[in-house]
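The values are calculated or read from the model by the stated rules, or taken from the named source; none is laboratory data. The structure presented is a predicted model; accordingly, all values stated were derived computationally and were not measured. Counting neighbours? That spans all protein chains shown, and the Cβs are built from the backbone with ideal geometry, glycine included. The area values use the complete protein model at the heavy-atom level, side chains included, leaving out ligands, DNA and RNA. Shrake-Rupley method; radii C 1.70, N 1.55, O 1.52, S 1.80 Å.
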Amino acid sequence: MDRIDSVKQTQNLSKPPQFNDENTAPLRAKQSGTDATIESEVRGYVRTFPTVFNKAQGSILTNTEGKEYIDFFCGAGSLNYGHNNPNAKKALLEYIENDGIQHSLDTATKAKLDFLNTFETVILKPRNLDYKIQFTGPTGTNAVEAAVKLARKVKKRAHVIAFSHGYHGHTLGALALTANDYYHDEHYGSRDNVSHLPFDGYLGDIDTSEYLEKVLSDQSSGIPLPAAIILETIQGEGGINIASDAWLQRIAAICKKHDILLIADDIQVGNGRSGKFFSFEHAGITPDIVCLSKSIGGGLPFSINLIKPEIDAWKPGEHTGTFRGNNLAFVAGRAMLEYWKQDFESHIAERGALVETRLNAIIKRHSKRDISCRGRGMIWGLDVGKGTVAKSIIQGCFASGLLIESSGADDEVIKIMAALTIDILTLDQGFDILDGVIAEVFAETDLLS
Ligand SMILES: Cc1ncc(COP(=O)(O)O)c(C=O)c1O
């Protein structure tokens, strides 16, 4: 029996959802293949979705048993245009068929030039944005590393300010900016030269931008003048915390006043996730550096940084790496930019409105409970108050054929991130599953209390 088969054997896909977390933990460990794989213990999502996926199209994944799952997870924002988007697929098949360049370090290729031209014409110019584009290593954390390194080089200062509940990746530089203690170990030395200040809303009604201004204006505050402030306009992993437009405008003004670079980490909520291509467009601000990854590659690994021309201080080859610029991702990513030639914002808004309506209906139905929702565009969170409750809901959804994840300090926020291209029927079907599972979980917890 090979390993995949033995993993399959440990699954019992017809088993009804069990909502008592303590009871299901050992079962889930077994289903995930914990005792039947050579893969490191570090694996994570397979524990949440313990099955062997085989195929995917649009918003539907199919496992090796033929069971289908609706995708409300979207590779944590990497599949905004759905799995195997037909336009990306067609472009990729043609490219490979014609022996297009696969790997090129950062030499010029037609695929790269086409991507650059399309990005400039379709995304930057219509928004009056003047940025240079740096291709970084392929994952989000590579973009963050490059952004922070450039900011430090330009401003000749080591310190960087990030925010409570912020998430920026796991390589050591980016990890320093990531707030959640779960990912840290004092031996990593990963807290150096970074201060985490309160994000918008962290202190209730208190305007945390005033606190930022205060510590920057006081040379005895203990917070050194930073090279950069890095933020997510909507904290995805942090629990769908949305910075208000006014707060973002104040942060941008503070950066200007104190000669600090503003880095927008748009890795999760860029590429249309917030309803506009860039999430900071809502606030009308123009960050000095923008990190983009995930869906920018049309489903393939690819990251870029947008850099204001006046701070493009890199020396040739100074920040390098073998896999900067992925030609297949140039091709797939460019095909996805075509969506932005049309009124894609209305298309996203229609789906976002449906998500909001369905979430509000769930909240109304369970009005005795302390649950709430928040979101923008096609990134929404349903805060169920407790990580254990969210976990039971996620497990129940998985058993019923819906992939959905949670975020937040206690993983207490169910994160709804369906593809921007999802058809309305599938979106509704996904919500029918979520709705039913939530009712079952709440009924179960009522019985137990
Ligand atoms: C806002 C943000 N920044 C950075 C990252 C890191 O990206 P990656 O996991 O591709 O390294 C993520 C990943 O979820 C993210 O959400």
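Report yes if Gly236 is more than 16 Å from the ligand (Cβ to nearest atom) and open to solvent by less than 60 Å² (accessible area, probe 1.4 Å), otherwise no. For Gly236, the condition - more than 16 Å from the ligand (Cβ to nearest atom) and open to solvent by less than 60 Å² (accessible area, probe 1.4 Å) - is not met. Checking each residue in the range 159-175 for being of a type outside the set (A, V, I, L, M) and within 16 Å of the ligand (Cβ to nearest atom) picks out Phe163, Ser164, His165, Gly166, Tyr167, His168, Gly169, His170, Thr171, Gly173.
Within the range 198-229, how many residues turn out to be outside any loop (DSSP other than H, G, I, E, B), more than 16 Å from Asp259 (Cβ to Cβ) and under 27 Å from the mean Cα position of the chain (by Cα)? Show your work before the answer.
Applying the first criterion (outside any loop (DSSP other than H, G, I, E, B)) to the range 198-229 yields 208-217, 228-229.
Now restrict to residues that are more than 16 Å from Asp259 (Cβ to Cβ): 208-211, 214.
Next cut, under 27 Å from the mean Cα position of the chain (by Cα) only: 208-209.
Summing the residues that are outside any loop (DSSP other than H, G, I, E, B), more than 16 Å from Asp259 (Cβ to Cβ) and under 27 Å from the mean Cα position of the chain (by Cα) in the range 198-229 gives 2.
Only one of Thr208, Thr178 is among the polar types (S, T, N, Q), surrounded by 15 or more Cβ atoms within 10 Å (Cβ to Cβ) and within 16 Å of the ligand (Cβ to nearest atom). Can you tell me which?
Working: Thr208 fails: within 16 Å of the ligand (Cβ to nearest atom).
It is Thr178.
For the range 88-98, the condition of being more than 19 Å from Ser400 (Cβ to Cβ) and assigned to a loop (DSSP other than H, G, I, E, B) holds for at least one residue. Reported count of residues in the range 253-287, each being closer than 18 Å to Ala147 by Cα, away from the ligand (no atom under 16 Å from the Cβ) and crowded, with 22+ Cβ neighbours inside 10 Å, is 3.
If I filter the range 288-308 for residues that are surrounded by fewer than 21 Cβ atoms within 10 Å (Cβ to Cβ) and more than 16 Å from the ligand (Cβ to nearest atom), do I get at least one hit? Yes.
The criterion of being surrounded by 12 or more Cβ atoms within 10 Å (Cβ to Cβ), of a type outside the set (A, V, I, L, M, F, W, C) and farther than 26 Å from Gly100 by Cβ does not hold for Asp343. If I filter the range 239-250 down to residues being of a type outside the set (D, E, K, R) and more than 16 Å from the ligand (Cβ to nearest atom), which single residue comes out as nearest to Lys294 (Cα to Cα)? So the residue we want is Ser244.
Restricting to the range 416-449, name every residue that is open to solvent by less than 20 Å² (accessible area, probe 1.4 Å), touching a helix residue (DSSP H, G or I) at 6+ places or on another chain (Cβ under 9 Å) and either of a type in the set (Phe, Trp, Tyr) or not in a loop (DSSP other than H, G, I, E, B) (or both). Walk me through it before giving the result.
Applying the first criterion (open to solvent by less than 20 Å² (accessible area, probe 1.4 Å)) to the range 416-449 yields 416-420, 422, 426-427, 430-431, 434, 437-438, 441-442.
Next cut, touching a helix residue (DSSP H, G or I) at 6+ places or on another chain (Cβ under 9 Å) only: 416-420, 422, 427, 430-431, 434, 437-438, 441-442.
Of everything in the range 416-449, those that are open to solvent by less than 20 Å² (accessible area, probe 1.4 Å), touching a helix residue (DSSP H, G or I) at 6+ places or on another chain (Cβ under 9 Å) and either of a type in the set (Phe, Trp, Tyr) or not in a loop (DSSP other than H, G, I, E, B) (or both) turn out to be Ile416, Leu427, Gly430, Phe431, Leu434, Val437, Ile438, Val441, Phe442.
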